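*Asks:* Handing you this structure, nothing more for now.
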Amino acid sequence: MARSRWVAAALSPALITTAIAGAVFSVPQTASAAPVTYQSENATISQGVVESNHAGFTGTGFVNFDNVTGSYVEYTVNAAQAGTHSLTFRYANGTTANRPVNVTINGNPGVSNLAFPGTGAWTSWQSVTTNVTLAAGDNVIRTTATTANGGPNADSLTVDSTTGNPPPTGTPVEINGQLHVCGTKLCNERNQPIQLRGMSTHGIQWYAQCIKTASLDALANDWNADIFRISMYIQEGGYQTNPRKFTDLVHGYIEEATKRGMYALVDWHQLSPGDPNYNTARAKTFFTEIAQRHKDKKNIIYDIANEPNGVSWANVKRYAEEMIPVIRAQDPDGVVFVGTHGWSTFGISDGKSETEVFNNPINATNFMYTFHFYAASHKDSYLNALSRIADRVPVFVTEFGTQTSSGDGGNDFTMSQRYIDLMASKKIGWTNWNFSDDERSGAVFKEGTCSGNNFTGTGPLKPAGVWVRDRVRSPDNFPS
Ligand code: GCU
């Protein structure tokens, strides 16, 4: 389903974005200990020089490590209180080779071989974040090159107190914590079934301009969304074209969802080709890094196959059973979602029935199947199937629209409301397609909205947006 929705977007080159990960955000910190940035040019340098010949640095320059093992930059940072702190290194690496460093804290081992992959150019600056334990007061943080290439060009180190900055209270993540699958439901950390409701991005290769401070603040605080689906296409100009860029975009979006207390659903948006096995090697690389970095967060959910199509259920199951252990190796308690054949309809859009999955279930634990529908195309037979499915196996609706399966056309709000009522009664979680301003009826914002900063209220919304915002923002019913 929704086969053609990326095609027209691909024909809108004016809307294609090249946003740089993290560049568009500024989230106010609420805790007393604000993050502090230390410029590398003021640090203690051994076998390196301060330079300023590559634009884009902050402060007055950056450190160019000598190209030798053992060259280092040493920062003295102050922690208001002992505990876990995040270290964010801003850097550039104009080569294609990783330039790892060992991070020591007060002479003790901290992080081994922290990776600083190529950024594409010496003028292209990116961030790497890691968590360490600091003592109260001054701490000496040394970053030492572990290869003969030396370290990356080091612009700055930003230190933030994670223990001093608890997640905002009363947010969906604060209330529910780490999720797990319990029977056919998604349960919170108190083992109570919950329903999550939120929005999916459009393809981040096209609509990254719709994911910024103002829009995410609106999603979290005006729409009261519980969950944010990050839709990363693999083909169609997505991940395959620049794995580093897209992985970094997703890292950044996960952090933004986390700061706002929303669950972050990482969507491996395979679509064409429809056989997920085509992209298994890429998926392993991507999810290993994502899970490794975010495994300690309580709010990450992994969706390993958006819409399998033109592929048998047996082959989707084979892919899932290969991928789930890859994620679990990094993040043992992470919930995984798996798309189903026939564009995530349990085979129904292939003219089959859901019993094929019931009779040959995925051999794994703590996962949910996914189901997609577009209410103007998929009427009673799909609605009834979703109802039967939810009684038998764990299911999450990672995409739906109030219009046709192209993501466009007239809205069928009557049919859509029947789905909403079913999903509420069976606590089936959902994310609606989509949080962008493309020209189709299913993109919630009016065209042009994303170039500005006004995302709250109903003013910027198309009819489908007005309708779905009401249904996202109605009060949660999270059991205590
Ligand atoms: C180039 C670049 C430097 C960089 C160096 C390196 O000389 O201009 O900024 O530090 O390569 O490979 O480390």
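Bear in mind that the values in this text are calculations on the coordinates, not laboratory data. Note that the structure is a prediction, hence the values are computed from the model and not measured. Don't worry about glycine lacking a Cβ; one is built from the backbone with ideal geometry, like all the others, and counts go over all protein chains shown.
*Asks:* Calculate, in nm to one decimal, what A281 and T69 gain on full extension: separation in residues at 0.36 nm each, minus their alpha carbon distance.
*Replies:* My answer for the length gained is 73.2 nm.
*Asks:* Per residue, how big is the convex hull around the C-alpha atoms of region 336-480? Give it to me in cubic angstrom, could you? Let's see the in-between values first.
*Replies:* Working: hull volume 18.4 nm³, N = 145.
Expressed per residue, the convex hull around the Cα atoms of region 336-480 is 127 Å³.
*Asks:* Fully extended, how many nm does the chain gain between D391 and T458 (0.36 nm per residue separation, minus their Cα-Cα distance)?
*Replies:* Working it through step by step, the gained length comes to 20.6 nm.
*Asks:* Let me ask you something else. Quick check: pseudo-label points 7 Å beyond the Cα along Cα→Cβ at E189 and A314, how many nm apart are they?
*Replies:* 4.3 nm
*Asks:* Moving to a separate point now. Out of all DSSP beta bridges with both ends in the chain, state the antiparallel percent to the nearest 5.
*Replies:* Working: 52 of 82 bridges.
Here the antiparallel bridges make up roughly 65 percent for the chain.
*Asks:* Under 5 Å between amide H atoms, partner at least 5 residues away or on a different chain: which partners does I300 have, H built in plane at 1.01 Å?
*Replies:* Sorted by chain and number, the residues that satisfy this are A264.
*Asks:* Enumerate the calculated ³J(HN,Hα) couplings along region 300-313 in order (Karplus 6.51 cos²θ - 1.76 cosθ + 1.60, θ = phi - 60°), each rounded to whole Hz, writing x wherever the residue is Gly or Pro.
*Replies:* Ordered by residue, 3J(HN,Hα) equals 9, 10, 10, 10, 8, 7, 4, 9, x, 8, x, 9, 6, 4 Hz.
*Asks:* So, one more: Could you tell me which of I420, V466, N277 has its Cα farthest along the dipole of the chain towards the positive end, charges placed at Cβ (Lys, Arg +1; Asp, Glu -1), taken about the Cα centre?
*Replies:* Highest projection toward the positive end goes to I420.
*Asks:* With unit charges on the beta carbons (Lys and Arg positive, Asp and Glu negative) and the dipole taken about the Cα centre of the chain, which residue among N359, C182, P152 sits farthest to the positive side?
*Replies:* Ranked along the dipole, the leading option is N359.
*Asks:* Hey, can you grab everything whose amide H is under 5 Å from the amide H of R197? Only 5+ residues off in sequence or another chain; H modelled, so Pro and N-termini drop out.
*Replies:* The list, which skips near neighbours in sequence, is D226, I227, W430.
*Asks:* Right, something else. Taking the Cα atoms of the chain, report the difference between the largest and smallest coordinate on each principal axis, in whole Å and largest first.
*Replies:* Result, largest extent first: 70, 46, 44 Å.
*Asks:* Taking amide H positions as placed in the peptide plane 1.01 Å from N, state which residues far from G150 in sequence (5 or more) or on other chains have amide H under 5 Å from it.
*Replies:* The answer is V68, T69.
*Asks:* Moving on. Grab the Cα-Cα distance for N53 and T84, subtract it from 0.36 nm times how many residues apart they are, and report the gain in nm with one decimal.
*Replies:* 7.7 nm
*Asks:* Please label the shape of region 17-161 as rounded, prolate or oblate, based on the square roots a ≥ b ≥ c of the eigenvalues of the alpha-carbon gyration tensor (a/c under 1.5 means rounded; beyond that, a/b larger than b/c means prolate, else oblate).
*Replies:* It is oblate, given that a/c is not under 1.5 and a/b is not larger than b/c.
*Asks:* A follow-up question, please. With n ≥ 4 as the cut-off for DSSP H runs, can you work out [θ] at 222 nm for the chain, using -39500 (n - 2.57) per run divided by the number of residues, rounded to the nearest 500?
*Replies:* -7000 deg cm²/dmol
*Asks:* So what are region 229-374's ellipsoid semi-axes, whole angstrom, largest first, if each one is the square root of 5 times an eigenvalue of the alpha-carbon gyration tensor?
*Replies:* Largest first, region 229-374 gives 24, 17, 14 Å.
*Asks:* Then there is this: Under 18 Å from the 7 Å Cα→Cβ point of Q178, by amide nitrogen: which residues of region 274-293?
*Replies:* Once the point is set 7 Å along Cα→Cβ of Q178, 290-293 turn out to lie under 18 Å by backbone N, inside region 274-293.
*Asks:* Could you work out the Kirkwood radius for region 410-480, taking every pair of different alpha carbons, averaging 1/r and inverting it, reported in Å?
*Replies:* About 13.3 Å for region 410-480.
*Asks:* For region 152-159, what does the Karplus curve 6.51 cos²θ - 1.76 cosθ + 1.60, with θ = phi - 60°, yield as ³J(HN,Hα) per residue in whole Hz, taken in order and with x for Gly and Pro?
*Replies:* x, 5, 9, 8, 6, 10, 10, 10
*Asks:* Turning to a different aspect of this structure: Output ³J(HN,Hα) for region 270-287: one whole-Hz value per residue in order, computed from phi by the Karplus curve 6.51 cos²θ - 1.76 cosθ + 1.60 with θ = phi - 60°, and x for Gly and Pro.
*Replies:* 5, 8, 9, x, x, 7, x, 5, 4, 10, 4, 4, 5, 4, 5, 4, 5, 5
*Asks:* Right, next: Given R₀ = 45 Å, FRET efficiency for S474-Q292 by Cβ-Cβ distance, to 0.05?
*Replies:* Values: r = 37 Å, r/R0 = 0.81.
In this case the efficiency is close to 0.80.
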